[in-house]
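Undergrad: Let me begin by handing over the structure; questions about it come next.
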Amino acid sequence: MIVLIGLMGSGKTTVGKALAKKLNLDFQDSDDAVEKTAKSSVREIFANQGEAVFRKLESQALADICSRSSAVVLAVAGGAIVAEDNRELLRKSAQCIVWLDAPTPTLVLRTGRGKHRPLLDGDPVGSLNKMRQDREPLYQQLATHHLVTQSLSVKAVVEQIISACQLYDVDEATKK
């Protein structure tokens, strides 16, 4: 399992989908898994049941994904790594954990249109800066690799992940 972590807007879903396609693997997004199980959007879960219920659903979704035997690329929601149990599960399950990072102004631009990001309501810059302050040490502790995505194309990020994690690139293998 290849795991992508980072703050919202760092490119986990976009890069994860492209990486999975390039490696011919399944792609999973922890937020999508939560929404499927709960039959509600992330925003609705936060509004109707609160963040604590969302975090419980998120932990269960990670456990379900990590228990599968098939190789996947997993985009982990930004806050999932706050729980020690989730970090331990990812450490045990992942071949490679890549922290995708970008400066706060870039994250704000990328997340500005996101309707499913209730934690950014009101003050996106302040919220992202606080999240960065709280979560960055955890990302550093958990990640096997750190990539700053700000000025890179999705393709360039995918190539850097393949190289850093020494992954098998299906396209390159077929050229040989």
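No value in this document is a laboratory result; all are computed from the given coordinates. These numbers come from a predicted model, not from an experiment. Don't worry about glycine lacking a Cβ; one is built from the backbone with ideal geometry, like all the others, and counts go over all protein chains shown.
Undergrad: What is the distance in Å between the Cα centres of the stretch 137-170 and the stretch 57-108?
TA: So the separation of the two Cα centres works out to 14 Å.
Undergrad: Between residue 163 and residue 134, what FRET efficiency follows from the Cβ-Cβ distance if R0 is 30 Å, with the result rounded to 0.05?
TA: 0.50
Undergrad: Give or take rounding to whole Å, what are the principal axis extents of the alpha carbon atoms in the chain, in descending order?
TA: 53, 35, 27
Undergrad: Divide by every residue of the chain the summed helix terms, -39500 (n - 2.57) for each DSSP H run of at least 4, and state the resulting mean residue ellipticity at 222 nm, rounded to the nearest 500 deg cm²/dmol.
TA: Theoretical 222 nm ellipticity from helices: -17000 deg cm²/dmol.
Undergrad: Taking a 28 Å limit on the Cα-Cα distance, which of the listed pairs 12/56; 56/155; 39/155; 21/56 fall beyond it?
TA: As for pairs spanning more than 28 Å Cα to Cα, those are 56/155; 39/155; 21/56.
Undergrad: Taking H placed 1.01 Å from N in the peptide plane, check which residues at least 5 places from residue 72 or on another chain put their amide H under 5 Å from its amide H.
TA: Under 5 Å from the amide H of residue 72: 2.
Undergrad: Loop only per DSSP, at most 12 neighbouring Cβ atoms within 10 Å: give me the trypsin sites (Lys or Arg not before Pro) in the stretch 1-59, ordered by residue number.
TA: Answer in residue order: 39.
Undergrad: Over the stretch 28-80, one equal point on each Cα, no solvent: what is log10 I(q)/I(0) by the Debye formula at q = 0.13, 0.24 Å⁻¹?
TA: Those come out to -0.28, -0.87, one per q.
Undergrad: Please name which of 28, 78, 158 has its Cα lying farthest along the dipole of the chain towards the positive end, using unit charges on Cβ (Lys, Arg +1; Asp, Glu -1) and the Cα centre as origin.
TA: After comparing all options, I get 158.
Undergrad: Same structure, new question: Report the gain in length on full extension from residue 49 to residue 84: 0.36 nm times residue separation, minus Cα-Cα distance, nm rounded to one decimal.
TA: Once the chain is fully extended between residue 49 and residue 84, it gains 10.4 nm.
Undergrad: Report, largest value first, the span of the C-alpha coordinates of the stretch 42-109 along each principal axis, in whole Å.
TA: 33, 31, 21
Undergrad: Ok, one more. Compute all pairwise cysteine Cβ distances in the chain, then list the cysteines with no distance under 4.7 Å to another cysteine.
TA: If one checks each Cβ against the other cysteines of the chain, 66 turn up with nothing under 4.7 Å.
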